[in-house]
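Q: Once you've had a glance at the structure underneath, I'll fire off some questions.
Quick note: the coordinates plus some simple rules give every number you see, no bench work behind them. Since the model is a prediction, treat every value here as computed from it, not as a measurement. Neighbour counts run over all protein chains shown; Cβ positions are idealised from the backbone, glycine included.
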Amino acid sequence: MAMTYPVERASRNGGVTAPEDHEQSAGAEVPVGMDLERICRAVREILIAVGEDPDREGLRETPDRVARMYAEVFRGLHQDPRVHLRKTFTQKYDEMVLIKDIHFESFCEHHLLPFTGKAHVAYIPNGTVIGLSKIPRVIDVLTKRPQMQERLTEELADLLMKELDAQGVAVVMEATHSCMTIRGVHKPDSSFVTSAMRGSFKERLATRSEVLSLIFGGRP
């Protein structure tokens, strides 16, 4: 997927009512290009289609709530993750850098149900390093889109490999998917693990084994 997303932000417009705006966090601003009125209309139609009354008290403001929720959880569609990788630091260091247990939330593109989990990201620098907070920020952008975990894992690995000019990148993601836990097969204890190895992590068995041992070592 081409990383050509605008990053401008804007406040709500278009006449959508927002009785609960005071409850919104600062991170819930509406991205330019997101049509809240259209989302509201669609949610109202869904409520009618399932047999509900969208005008009853408990549902009257639901379309607006859902629209604002979508503006928050899908804001990554209108952001460019590369902006978080522009600032690097020259450092003579060529050993593994690993950040473990980075919490993330995303939405499965097949059912628009959430999946949540942890990402483990390692890279071997090639003369430059990145600030520790930047990789979690990149993950926040990539996960705030309708996603498949497999694609998310590869997108993150490819982006870091290219933008950091790293010798190698390893990404392992573990998640629980609502589309398997609250519907369908109803398996609440299941987890889904994906990995993407690039550069030296893919080419050298010892390096790959080392990072996997650092991530999973000691687990029962």
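Q: Residues that are surrounded by 14 or more Cβ atoms within 10 Å (Cβ to Cβ) and within 15 Å of the chain's Cα centre (by Cα): which strands (runs of 3 or more DSSP E) entirely in the range 120-220 hold 1 or more of them?
A: Here the list reads 168-177, 192-199.
Q: May I ask you to list the residues in the range 80-118 that are assigned to a loop (DSSP other than H, G, I, E, B) and under 21 Å from residue 69 (Cα atoms)?
A: Within the range 80-118, 80, 109, 110, 111, 112, 113 qualify.
Q: Within the range 78-94, track down each residue that is touching a strand residue (DSSP E or B) at 6+ places or on another chain (Cβ under 7 Å), of a type outside the set (Phe, Trp, Tyr) and surrounded by fewer than 16 Cβ atoms within 10 Å (Cβ to Cβ).
A: Within the range 78-94, 90, 91, 94 qualify.
Q: Taking the range 37-77 as the search range and keeping residues that are in a loop (DSSP other than H, G, I, E, B) and of a type in the set (Lys, Arg), which one is surrounded by the most Cβ atoms within 10 Å (Cβ to Cβ)?
A: Among those residues, the one meeting the criterion is 60.
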